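Let me begin by presenting the structure, written as structure tokens, before commenting on it.
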Amino acid sequence: MAIVSSGSQGQDRRRSGAGSGQRLVDPQADAETAPRPEAAPEAPQAREDSLRPRRLADYIGQGELKQVLGIAIEATQARAEALDHVLLYGPPGLGKTTMALVLAEELGVRCRITSAPALERPRDIVGLLVNLQPRELLFIDEIHRLSRVAEELLYPAMEDFRLDLTVGKGTTARTRSLPLPPFTLVGATTRAGSLSSPLRDRFGLIQRLEFYGLQDLQAIVQRAAGLLRLQLESEAALEVARRCRGTPRIANRLLRRVRDVAAVNGEPLITAALVDQALSLHRVDGRGLDAHDRRLLRLMLEAYGGGPVGLDTLAAGLGEDPATLEAVVEPYLLQQGLLQRTPRGRLLTPAGRAHLDAQGAIA
Ligand code: ADE
């Protein structure tokens, strides 16, 4: 039986530490989370990696998730077994990949990282599975985009640690089973509803990541400032926290933009006023909405009298993909009560109108 390993494996990059993350995806495949295999110092993914917490104790926020996973880790280690399969879902940037790497570190195993669009051919997933060591983690991002063949190969692999392969063609085709080591699949998705039920049912732990609260975000910004050796007043950290859409990835990105302005202005200490100056320059308003968010809300108000208006209509008006609008742009606006989903379409809320009024002519 010829098993050809995933073509992307030549791009492996090993990280330090027991629970190291090994990336296998094509960086072009997924702009959201896909890393660069050769992490140059300026690579965005490398920048994000440098601020990630490595251990559960350093991971700020997501209290319930940490509690559930902490118990599962302890129980699993006591039984000397592989951790049950974990599905993490929720809006982008909330720490799904980070949590997979933390799990690997806590379990003292390696984490192999890939993304569903990189597993197009059966041999891609077969190559990954047969190379796993006992109890290792396999992280599949955007798992709702798995091809049908890949998904069907995963069923017996997840359930019985067995790979069912078809060898030969036509009348000579036979199924051969290959034992796999016990492993943990960590799936991540922004669209849990798009997962087929047979796949979803094979995860023992299904956890939603929530938007972060202000205090947690402030602590995340302060931690990142420490790692970047920045002097930041606590009010300044709070101001970044207010404007990052409840999302650590955005908080860290905004902090870097603030750092640029501080450097150019020759300011050794970052104050709330400096954060305001820097983020206004990037058109991030006091609630964290950017020009794109405001364009969506304005379109609803000005072209559709506040709605209700269908998702596809809005997406077409913005030149945006409806799925991205729904999974990436809308969740924070919904959480902030600026937008409502109704059976008849999207509705701009009174708070959404008030926010646009308060922004006046700002684009
Ligand atoms: N950096 C990004 N996300 C984080 C988190 N949840 N805790 C600590 N630092 C972070």
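The values are calculated or read from the model by the stated rules, or taken from the named source; none is laboratory data. What you see is a predicted model, and the numbers here were worked out from it, not measured in a lab. Reconstructed Cβ throughout: ideal geometry from the backbone, glycine too, with neighbour counts over all protein chains shown. Only protein heavy atoms, including side chains, enter the accessible area calculation; ligands, DNA and RNA are left aside. Shrake-Rupley method; radii C 1.70, N 1.55, O 1.52, S 1.80 Å.
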To one decimal place, what Kirkwood hydrodynamic radius in Å is obtained for the stretch 55-143 from all pairs of distinct Cα atoms? 14.0 Å
Heavy atoms of SER280: accessible area, 1.4 Å probe, square angstrom to 10: 60 Å²
Cleavage-rule hits, trypsin sites (Lys or Arg not before Pro), the stretch 144-190, DSSP coil, Cβ neighbours within 10 Å at most 12: LYS169
Subtracting the Cα-Cα distance of HIS292 and ARG162 from 0.36 nm times their residue separation yields 42.2 nm
Computed curve, the stretch 176-245, Cα-only Debye sum without solvent term, log₁₀ I(q)/I(0) at 0.11, 0.12 Å⁻¹, is -0.53, -0.59
Against the empirical 2.2 N^0.38 Å scaling, what ratio does the C-alpha Rg of the chain come to? 1.08
Stick to Cα atoms and the Kirkwood definition of Rh, then tell me Rg/Rh for the stretch 105-251. 1.13
For the stretch 249-363, what is Rg from Cα atoms divided by 2.2 N^0.38 Å, rounded to two decimals? 1.20
Quick check: convex hull of the Cα atoms in the stretch 122-192, volume per residue, rounded to a whole Å³? 88 Å³
Here the residues of the stretch 197-218 lying in the modelled label zone of GLN67, meaning backbone nitrogen under 19 Å from a point 7 Å along Cα-to-Cβ, are 205-217
Distance between Cα centroids, the stretch 251-288 to the stretch 178-221: provide it in whole Å. 32 Å
Taking R0 as 51 Å, what FRET efficiency do you get between LEU281 and LEU311 from their Cβ-Cβ distance, rounded to the nearest 0.05? 0.95
Exposure rank, largest accessible area first [PHE161, PHE211, PHE139; 1.4 Å]: PHE161, PHE211, PHE139
